[in-house]
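S.K.: Right, I'll just put the structure down here and ask away after.
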Amino acid sequence: MARQRYLSLLALFSIMTPIGVLVGSGLNSALASTAALELEAIFDGLAGGTFIYVASMDVIGHTFDDRTMRWAKFIAIAFGFALMAVLAIWT
């Protein structure tokens, strides 16, 4: 890849989070309270679903390729899911 293209893509990637924060803040202040809560719930669901997809399809698969300590890995993953469930219920 050409250096100029690489730097352009790197700059675009690095400004996406601040742009997302600005757009989200703008939408939150522009919308009524009910619509803002619904929009927040939708984006929270998309973010959580993306996290679960990446974890289950990419990270966990590679973790279990190595057959050592499989039960310990399973218990750690189950504990992590349980902890996140408790956190979701608590908040």
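The values are calculated or read from the model by the stated rules, or taken from the named source; none is laboratory data. Predicted model, so just to flag it, every value in this text is computed and none were measured. Cβ sites come from the backbone with ideal geometry, for glycine too, and all protein chains shown count toward neighbours. To get the accessible areas, we keep the full protein, side chains included, count just its heavy atoms, and leave off ligands, DNA and RNA. Shrake-Rupley method; radii C 1.70, N 1.55, O 1.52, S 1.80 Å.
S.K.: Give the label of the value calculated from the structure for Cα extents along the principal axes in Å, choosing from (i) 50, 47, 14; (ii) 41, 29, 21; (iii) 57, 28, 13.
M.R.: Evaluating Cα extents along the principal axes in Å on these atoms matches (i).
S.K.: With θ set to phi - 60° and the Karplus curve 6.51 cos²θ - 1.76 cosθ + 1.60, what are the ³J(HN,Hα) couplings of segment 65-73 in order, to the nearest whole Hz, using x for Gly and Pro?
M.R.: Running phi through 6.51 cos²θ - 1.76 cosθ + 1.60 with θ = phi - 60° gives 4, 7, 7, 7, 6, 5, 5, 5, 5 Hz.
S.K.: Would you kindly calculate the translational diffusion coefficient of segment 15-65, applying Stokes-Einstein with the Kirkwood radius from alpha carbon pairs, for 4 °C and a viscosity of 1.567 mPa s, and quote it in µm² s⁻¹ without decimals? Intermediate values should be presented prior to the final figure.
M.R.: On the way: Rh = 12.8 Å.
The calculation lands on 101 µm²/s.
S.K.: At 1.4 Å probe radius, can you tell me the per residue accessible area of the chain in Å²?
M.R.: Working: 7920 Å² over 91 residues.
With all protein chains present, the chain gives 87 Å² per residue.
S.K.: Of the accessible area of the chain, with the probe set at 1.4 angstrom, what percent is carbon plus sulfur?
M.R.: On the way: 5820 of 7920 Å².
C and S atoms contribute 73 percent here.
S.K.: When the dipole is taken about the Cα centre of the chain, and only Lys, Arg (+1) and Asp, Glu (-1) are charged at their Cβ, what size is it in debye, to the nearest 20?
M.R.: Here the size comes out at about 380 debye.
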